[in-house]
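Structure first, then comments.
The values are calculated or read from the model by the stated rules, or taken from the named source; none is laboratory data. Remember, it's a predicted structure, so these values are computed and weren't measured experimentally. Note that each Cβ is placed from the backbone with ideal geometry, even for glycine, and that neighbours are counted across all protein chains shown.
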Amino acid sequence: MSKKVVIIVSLILAIFFTFAVVRSVNVKYADLKKTVDVVKTTQFIPAGSEIRAEQVETVKITEVVGRDLVHSSDEVIGKAAKVGMIEGQYIFPGTAENTARRQGMVEVHVPVDISSSACVTAGDVVDVLLTDKGQTAVTAIPLYQGARVMHSFDQNGSEISPVENKHIGSMTGPPGSRAPVSVGLEVSREAAASIAQAASKKSIYLVKSN
């Protein structure tokens, strides 16, 4: 093969690869420019409260960032917030459920540790046991069945989200820092006093029932 042919082939290959690289860059840039509708809050929404239309809005953000978010306000309006949401927060799937806080129910907060909490988060349903340390053994007495978890707070007073920590703005604390130390339970008004009394003695043990 003559030197002239080699040069021509080399030029053709160089031009081909240049166009291929440019096209690849353009495609990636175009993907970054794509937008998608997502839903975010316009005001603070307490856990357990029904999400109203004026509390959320739809905005556009890049598709790369917004692909794992809720895309339509219809998905959350009329549902109950599993966790408290601050103003301007993007809403993730799984942070709202169909049932709002029931009438005639109250919220009681109980102190727990990593074992007695069952590592619950908002939206879980638990049975409440009263533990009694006797002289020979520890007994557990059923105190309440089907209590819904409204809040779960860590040692820093921050709510532990039921949504995985891989989402936008989430941060993983040091080992053990995300274990519940206080859990808010939705219980009947009649049972609130006995649960509060047991909580004051730190004799509450939670068992997941959902």
For region 102-126, which residues satisfy the criterion of being surrounded by fewer than 18 Cβ atoms within 10 Å (Cβ to Cβ) and either of a type in the set (Val, Ile, Thr) or within 28 Å of residue 40 (Cβ to Cβ) (or both)? 102, 106, 107, 114, 125
Looking at the structure I just gave you, is residue 132 in a strand (DSSP E or B), within 20 Å of residue 206 (Cβ to Cβ) and touching a residue at least 60 places away in the same chain (Cβ under 8 Å)? yes
Restricting to region 56-101, and then to whatever is of a type in the set (Gly, Ala, Ser) and over 15 Å from residue 36 (Cα atoms), can you tell me which residue is nearest to the chain's Cα centre (by Cα)? 94
What residue, of 179, 191, 199, is in contact with a Pro (Cβ under 8 Å, 6 or more places away or on another chain), surrounded by 11 or more Cβ atoms within 10 Å (Cβ to Cβ) and modelled with pLDDT under 95? 199
